[in-house]
Amino acid sequence: MASTTDTPVSQPTLGNYASVIALGLIWGGTFMVVSIALRGYGPVTVATARTTLGAVALLSLVVMMGRPMPRWSGLLAGYIVMLGLLTTAIPFLLLSWGQQYVASAFAGLSMAVLPLFVLPLAHWLVPGDRLTWRKGSGFALGLTGALVLLGPGITAAGGGDLVALGRLACIAATVCYAVGSILTRRCPPIDGMWLSALTLGVGAVVLVPTMFVVEGAPGAADPGIMAAIVFLGLVPTAFAVLLRVQVIRSAGPSFMTLVNYQVPVWSMLFGALILSEDLPGRFYLALALIASGLAVSQSGGRKRL
């Protein structure tokens, strides 16, 4: 099998497009479900539960399907550990903690900033995924939207303001996902299902002891909250992580950023209509700027930087 690291990205297939549409809807609703889960459990417990359930589900699936075992090497093990930290343990924890202080719509909208970090990284690290003038212009436009999203109160983070810190936690999770997207593309050859399962497994190994130290053993909760936890583990974690890996390894991390057109829209709709969240005007302005930046960066310009 050729190394994914050295293989240029291919043209996206119809299946790739179907996958990003499904991911947009799933992840757009995830932030609402996290908000519901936080009504009964602490942020570390929520992050741990979804990661552990997702890991158990995917590991059971790959074993039952008889997927070929990975050919282990020190390099592959290092990638899996880094991916476990950067795509599960750290961002799940940051988002759960941040959503204690910010609206679920903010958390979803912050994910739209992901391409801002993916584009320059992919330019240097992913063959065939070069930064063009159009992508650079979209980067600048989206960055403006990110600053509008954070709002004028973000400077209060240095003084310990929890709302400002919650906003920064959500943006920091986006940075983790961006770096994780590049690492996923550059990871040595490994079956996609095994990569997804092992990545979640690493996240669970890190988060479980952290949960017991910080929040203790979780108890029973309202059935609706328990259902939210199960949903988080099986749908946006296990199923969506599997889809994400397949899309990135076949069509590249920049194509994967198309999901970010949808996530903020769905998260804002779910937050406003189901959770009755009050959305400030800057959310809509930020969405317009970020979506415009994404549209420009994904358009067909050919002139290279």
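Note on the stretch 13-298: with charges restricted to the Cβ of Lys and Arg (+1) and Asp and Glu (-1), its dipole about the Cα centre is near 740 debye. Derived scalar couplings between HN and Hα for the stretch 48-63 equal 5, 4, 5, 5, 5, 4, x, 5, 4, 5, 6, 4, 4, 5, 5, 5 Hz in order, rounded to whole Hz, by the Karplus curve 6.51 cos²θ - 1.76 cosθ + 1.60 (θ = phi - 60°), x for Gly and Pro. Estimated at 0.36 nm per residue, the fully extended path between residue 11 and residue 222 surpasses their Cα-Cα distance by 71.3 nm. For the pair residue 292 and residue 269, label points projected 7 Å from Cα toward Cβ lie 2.3 nm apart.
Expressed in Å, the radius of gyration and Dmax of the Cα atoms of the chain are 18.6, 58.
Assuming a ≥ b ≥ c are the square roots of the Cα gyration tensor eigenvalues, decide whether the stretch 137-259 counts as rounded (a/c under 1.5), prolate (otherwise, with a/b larger than b/c) or oblate.
Details: a/c = 1.94, a/b = 1.04, b/c = 1.87.
Since a/c reaches 1.5 but b/c is at least a/b, the shape of the stretch 137-259 is classed as oblate.
Note on the stretch 13-298: dipole from Cβ charges, positive end direction compared against 179, 233, 32; the farthest Cα belongs to 179.
Sort 183-189, 56-62 by packing, meaning the average of other beta carbons within 10 Å per residue, with the highest value first. Let's see the in-between values first.
Working: 183-189: 21.0, 56-62: 18.1.
With the highest mean Cβ count within 10 Å placed first, the list reads 183-189, 56-62.
Sort 93-105, 165-177, 277-289 for me by packing, meaning the mean count of neighbouring Cβ atoms within 10 Å per residue, highest on top.
Numbers: 93-105: 23.7, 165-177: 21.5, 277-289: 15.8.
Packing order, densest peptide first, comes out as 93-105, 165-177, 277-289.
Taking the average, over residues, of other Cβ atoms within 10 Å as the packing measure, peptides 221-234, 19-32 rank 19-32, 221-234 from highest down.
The residues packed around residue 110, meaning those with a beta-carbon under 14 Å from its beta-carbon, carry a net charge of +2 if Lys and Arg are +1 and Asp and Glu are -1.
Placing dummy labels 7 Å off each Cα toward the beta-carbon, the span from residue 22 to residue 73 is 3.1 nm.
Bear in mind that the values in this text are calculations on the coordinates, not laboratory data. Predicted, not measured: the structure shown is a model, and the values here were computed from it. Don't worry about glycine lacking a Cβ; one is built from the backbone with ideal geometry, like all the others, and counts go over all protein chains shown.
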